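Novice: The structure under discussion is supplied below as structure tokens; questions concerning it will follow.
Values in this text are rule-based calculations from the coordinates and carry no lab data. What you see is a predicted model, and the numbers here were worked out from it, not measured in a lab. Because the Cβ atoms are built from the backbone with ideal geometry, glycine has one as well, and the counts that use them run over all protein chains shown.
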Amino acid sequence: MDMDWLLGFIDVKAILIVILIFGPLERMLPARPQQPALRRAWTTDAVHCVVNRIPIGIGLGLVAALSIWLGDAAVPASFRASVAAQPLWLQTVILMLLADLIFYAMHRLFHTVPALWRIHAIHHSISDLDWLAAYRIHPLDQILTKGASLIPAFALGFSDAALAIFFVVFQWHTLLLHSNVRIGFGPFSWLVASPCFHHWHHANDPAHWNRNFAAQFPLWDILFGTAQMRRDAMPDRYGIEDPVPPGYGRQMVYPFQRESKDAA
Ligand SMILES: [Zn+2]
Ligand SMILES: [Zn+2]
């Protein structure tokens with residue numbers, strides 16, 4: 001069989017670069033030194049990493065196409081042209097802030113509406129955080145939350161360069177947020193989301209639930225009263241008590257199953 005197709009969709013090069021960067025970083029500055037590199041359920045998350053690329057790629061591609069159509073139909077061409085004419089750094093900062101505000105709102109909604117929580121619970125079922133854990137997510141979760149945050153990116157006329165910077169920064173930032181590292185960004189922790197900031201979002205402790213929804217800027221959590229800006233410690237335990245099953249296939253169907261075991 002021709003392996004090009006398979007290697008293409010796994011994107012071996014990108015994964016190797018990620019391993020070469022985060023492997024040593026997680027050894028040098030571990031949040032939990034006792035956590036082995038091949039920790040519990042790493043194979044499940046490796047399957048998420050490889051297989052989810054297809055549905056998420058298709059879903060976000062559709063959102064991008066719809067958003068461009070929406071922009072053409074509803075946003076005046078002069079407005080889009082004036083956005084694209086702004087300096088690249090300004091476009092990038094505004095795009096990131098705007099996208100993260102929508103991400104914040106969608107993420108909070110996924111924690112609030114029970115049917116959406118069952119989808120988002122897959123991501124929160126991680127009990128060992130590291131860079132690979134960033135990939136454990138239901139594709140619907142990623143398509144709806146990330147997709148919504150991309151609508152202004154494609155509809156308002158931001159330049160291709162601003163979009164490219166945003167995508168690259170977001171991808172690496174997400175991996176860093178989940179990695180098993182003790183990094184809090186010191187005085188900049190209020191400005192940019194740190195691993196410490198997002199690790200508290202995953203804490204398995206009711207005192208810390210529903211905090212730190214932003215993906216990039218703690219500003220949104222501070223403004224809307226959901227920030228948990230601890231810098232002195234990392235959580236003891238991650239995960240949730242919901243009965244999320246192990247294994248990729250069962251996690252894909254879990255959000256749509258009735259809770260039948262309650263009666264047993
Ligand atoms: Zn969450
Ligand atoms: Zn997370």
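Novice: Do you know which residues across the range 119-151 are away from ligand 2 (no atom under 13 Å from the Cβ) and in contact with a Ser or Thr (Cβ under 8 Å, 6 or more places away or on another chain)?
Specialist: Once the filter is applied, which keeps residues that are away from ligand 2 (no atom under 13 Å from the Cβ) and in contact with a Ser or Thr (Cβ under 8 Å, 6 or more places away or on another chain), the range 119-151 yields 150, 151.
Novice: Taking residue 51 as the residue in question, decide whether it is touching a residue at least 60 places away in the same chain (Cβ under 8 Å) and touching a Leu at 6+ places or on another chain (Cβ under 8 Å).
Specialist: Criteria not met by residue 51.
Novice: List pairs: first in the range 123-140 and over 26 Å from residue 20 (Cβ atoms), second in a loop (DSSP other than H, G, I, E, B) and among the basic types (Lys, Arg), Cβ under 9 Å, 6+ apart or cross-chain?
Specialist: Once the first residue is over 26 Å from residue 20 (Cβ atoms) and sits in the range 123-140, its partners that are in a loop (DSSP other than H, G, I, E, B) and among the basic types (Lys, Arg) give 125/136.
Novice: Checking residue 40 against (1) under 21 Å from the mean Cα position of the chain (by Cα); (2) surrounded by 15 or more Cβ atoms within 10 Å (Cβ to Cβ): exactly one of these is not met. Which one?
Specialist: Going through the list (1) under 21 Å from the mean Cα position of the chain (by Cα); (2) surrounded by 15 or more Cβ atoms within 10 Å (Cβ to Cβ), residue 40 breaks only (2).
Novice: Scan the range 203-211 and give yes if some residue there is crowded, with 20+ Cβ neighbours inside 10 Å and of a type outside the set (Gly, Ala, Ser), otherwise no.
Specialist: Checked the range 203-211: no residue is crowded, with 20+ Cβ neighbours inside 10 Å and of a type outside the set (Gly, Ala, Ser).
Novice: Residues that are in contact with a Pro (Cβ under 9 Å, 6 or more places away or on another chain): find the helices (runs of 4 or more DSSP H) completely inside the range 141-240 holding 2 or more of those.
Specialist: 160-178, 195-201
Novice: Find all pairs meeting these conditions: Cβ atoms under 6 angstrom apart; at least six residues apart or on different chains; first residue within the range 102-116 and of a type in the set (Asp, Glu); second residue surrounded by 19 or more Cβ atoms within 10 Å (Cβ to Cβ) and assigned to a helix (DSSP H, G or I).
Specialist: From the range 102-116, no pairs qualify.
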